[in-house]
Amino acid sequence: MKLEIKNVSYRYTSKGRQILKDFSLSMENTERVGLTAPSGYGKTTLCQLLSGYLKPNQGEILLDGRPLDSYQGYCPVQMVWQQPEFAVNPRLPLGEAIKEGDEIEERVIRGLGIEPDWFGRFPTELSGGELQRFSLARALGKRTRFLIADEISTMLDLITQSQIWHFLVEEVEKRQIGLIAVSHNPELIDRVCTRKIDLRLLDEKNR
Amino acid sequence: MSGKKGNTSDSRKNRSDEQTMRDVQREDAPVLKIEHMSISFTQYDRGMHQTSLPVIRDLDVEVHGGEMVAVVGSSGSGKSLLAHGVMGVLPYNADMGGRITYCGEELAKERIKKLRGREIVLVPQSIAYLNPLMKIGPQIRRGSKATEARKKLRGIFRRYELDAGVEELYPFELSGGMNRRVLISTALMEEPKLVIADEPTPGLDLAVAKRAMAHFRELADMGAGVLVITHDLELALEVADRIAVFYAGTTVEEASVQDFEHEETLRHPYTKALWRAMPRHGFQYIEGTQPYVKNLPTGCSFAPRCPHCGAECAGEIDYRIVRGGKVRCIRAE
Ligand SMILES: Nc1ncnc2c1ncn2[C@@H]1O[C@H](COP(=O)(O)OP(=O)(O)OP(=O)(O)O)[C@@H](O)[C@H]1O
Ligand SMILES: [Mg+2]
């Protein structure tokens, strides 16, 4: 299965900076793509476009040849945000929030070191790294075909980081989920990904 | 140390002239001293049943003027709560025990209220602390329209590659990394004596992250006490003087930066595991997770994951001095 972004242009407001211009990229669900670019370059915007949170001004996003917004209900492209506190409803206990995911399996809960007790708590009652692991679990629902991970491990200690990436690589390989990992850490990308993309270089080529 | 040393590490090495001055200050009381801190949460389970979650237990940390201490440790080990405890901003259902002294005097509720945001500043972990309804400029200057404040802010922004136009924007109009730099700028507007930065650098590229750390280092060199909570051990080792290592709600080791050059000079098995997980030492991990507060083992809380664990480890574990550092492990020597 392919995830394609075709000739997409995007700016937030009509006078705003052109963040993407005639941008194209395509990946398979068997790939793990590492994305790098400087802070503020537009990595998060690209992630949001790919996962249907934003609509392109021009161009299209196709999943398996079909426009992404034609998929009803659960979106098969799931994004995990750099700031988990913005991705969860502050008034919803985690036991409710997890239902927004798609039948999250016990194996995923355990693999990410999530304590059953957390489900009775509100998001502010977890640490930054705990909430990040929760959001990751929620994105790994049954129908997820692509996972977009925007700097998901900077909030974790090195041991947990290493564990989480080990788990994630195994999980996406087994379930044939395509992974896009945004990171400032070149060593991490080398270890995790099957392909590397520097947005600046790609931009030049696209122009 | 790594080959990509920036000027941040040089700034630590070149401080020898300031050393004397700093040593004089050191004879005075530490800027921050935390003794036997404990924090627990009251939780109401189904019905009226009440449980207490002792998330921080018997925690000690000390920061002197002129010193930069980095706190590293496992996810959920209590680093942010320590910061919130000092700042007096814990939630209502939290109970704090132990003793916090600031410049030799107890830091009581009334006192921290007066010093917060002035002499004592916090760079919070979450950018959700920014006011979403207030433009960046007025927010950082805290309403001040003085030309002095404006000029200072311009200078800080230039340093962090934020252009002046950002002052007119709202937090939602900025990228995560830009908001992060705004949070750092907020703390740097004051002339603090104590800075607590809770993960100031995630999502920033290496150059900007280094610049932020160098900036905190400068504040320390000017005499402030700086406590930086971070997961970026590599970066911490380039700028800090000492490292405090947290695990499951307490300090398991305090070591100098030099101790991290080799695994053997470290003291606690958790610190050693963390060392081996550094990218340049192979990104290795150990199985298992930090024990949940409700299932804490008696004695050493790292025991279930420790390769050297024995029956004695279930007994009382003292926090003691070993080779000039401190460690909470009976086997360290
Ligand atoms: N309001 C609360 N009620 C119950 N438990 C809480 C509450 N707030 C925090 N905790 C728990 O206290 C522990 C310490 O939290 P803290 O935020 O200090 O961790 P941390 O060391 O900063 O972790 P991270 O590196 O992930 O940010 C965590 O296990 C967390 O789940
Ligand atoms: Mg924290």
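The values are calculated or read from the model by the stated rules, or taken from the named source; none is laboratory data. Predicted model, so just to flag it, every value in this text is computed and none were measured. Quick reminder, even Gly has a Cβ in these numbers, built from the backbone with ideal geometry, and neighbours come from all protein chains shown. Remember, those area values only see protein heavy atoms, side chains included, never the ligands or the DNA or RNA. Shrake-Rupley method; radii C 1.70, N 1.55, O 1.52, S 1.80 Å.
Quick notes
- Rh (Kirkwood; distinct C-alpha pairs) - the protein assembly as shown, Å: 24.4
- Listed residues A:C75, A:I164, B:V327: farthest to the positive end of the dipole of the protein assembly as shown (Cβ charges): A:C75
- Highest-MSF residue in chain B out of B:D205, B:D221, B:D95 [GNM, Cα springs under 10 Å]: B:D205
- Gyration tensor over alpha-carbon atoms, segment B:137-280, equivalent ellipsoid semi-axes in Å: 33, 16, 12
- Taken one residue at a time, the phi angles of segment B:59-68 give Karplus couplings (6.51, -1.76, 1.60, θ = phi - 60°) of 9, 10, 8, 9, 10, 9, x, x, 10, 10 Hz. Gly and Pro are set to x.
- Of the trypsin sites (Lys or Arg not before Pro) found in segment A:124-166, those in coil by DSSP whose Cβ has at most 15 other Cβ atoms within 10 Å are A:K142, A:R143.
- Derived scalar couplings between HN and Hα for segment B:124-137 equal x, 5, 9, 6, 5, 6, 6, 6, x, 9, 10, 4, 4, x Hz in order, rounded to whole Hz, by the Karplus curve 6.51 cos²θ - 1.76 cosθ + 1.60 (θ = phi - 60°), x for Gly and Pro.
- Average beta-carbon neighbours from other chains, 10 Å sphere, peptide B:271-277: 2
- Counted charge near B:T250, where neighbours are those whose Cβ lies closer than 14 Å (Asp, Glu -1; Lys, Arg +1): -2
- Segment B:66-171 - percent of accessible surface contributed by carbon and sulfur, probe 1.4 Å: 53
- Shielding of A:78-87 by partner chains, average beta-carbon count, 10 Å: 3
- If both residues of a DSSP beta bridge must be in segment A:2-206, then about 45% of such bridges are antiparallel.
- Total formal charge among the other residues, if their Cβ is under 11 angstrom from that of B:V61, Lys/Arg +1 and Asp/Glu -1: 0
- J(HN,Hα) series, segment A:185-197, from Karplus relation 6.51 cos²θ - 1.76 cosθ + 1.60, nearest Hz, glycine and proline x: 9, x, 5, 5, 4, 4, 6, 9, 9, 9, 8, 10, 9
- GNM flexibility winner over chain B from B:V86, B:V182, B:V166 (Cα, springs under 10 Å): B:V166
- Surface analysis of the protein assembly as shown yields an accessible area of 45 Å² per residue, using protein heavy atoms and a 1.4 Å probe.
- Cα pair count fraction exceeding 17 Å, expressed as % - segment A:2-46: 42
- Under a 5 Å amide H cut-off, with hydrogens placed 1.01 Å from N, B:V228 pairs with B:V69, B:A70, B:V71, B:A197 among residues at least 5 apart or on other chains.
- Summing Lys and Arg as +1 and Asp and Glu as -1 over all other residues whose Cβ lies under 10 Å from the Cβ of A:L25 gives a net charge of 0.
- Residues along segment B:230-262 losing 40 Å² or more of accessible surface when the other protein chains are present rather than the chain by itself (probe 1.4 Å): B:H231
- When you restrict to C-alpha pairs under 8 Å that are six or more residues apart and normalise by the size of chain B, the relative contact order lands at 21 percent.
- Potential lengthening of the chain between B:N93 and B:K114 amounts to 5.3 nm, from the contour at 0.36 nm per residue minus the alpha-carbon distance.
- When every Cα-Cα distance of segment A:1-121 is counted in 10 angstrom steps from zero, the calculated P(r) takes the values 11, 35, 32, 19, 3 percent.
- Heavy-atom accessible area buried between chains B and A is around 3000 Å² (1.4 Å probe, both sides summed).
- Kirkwood Rh in Å, taken over all unlike Cα pairs in segment A:2-206: 17.5
- Peptide A:34-42, shielding by other chains (average Cβ, 10 Å cutoff): 4
- In this Cβ point-charge picture (+1 for Lys and Arg, -1 for Asp and Glu), segment A:2-206 has a dipole of about 640 debye about its Cα centre.
- Partners for B:K79 among lysines (Cα-Cα distance below 16 Å; same-chain residues under 8 apart left out): B:K33
- Pair-distance distribution of segment B:229-318: all C-alpha pairs, bin width 10 Å, starting at 0; shares per bin in whole percent are 15, 48, 30, 6.
- Normalised Debye scattering of chain B at q = 0.06, 0.07, 0.14 Å⁻¹ gives log10 I(q)/I(0) of -0.22, -0.30, -1.20, counting only Cα atoms as equal scatterers and leaving out solvent.
- Reachable aspartates and glutamates from A:K21, criterion Cα separation under 18 angstrom, eight or more residues apart if same chain: A:E4, A:E60, A:D198, A:D203, A:E204
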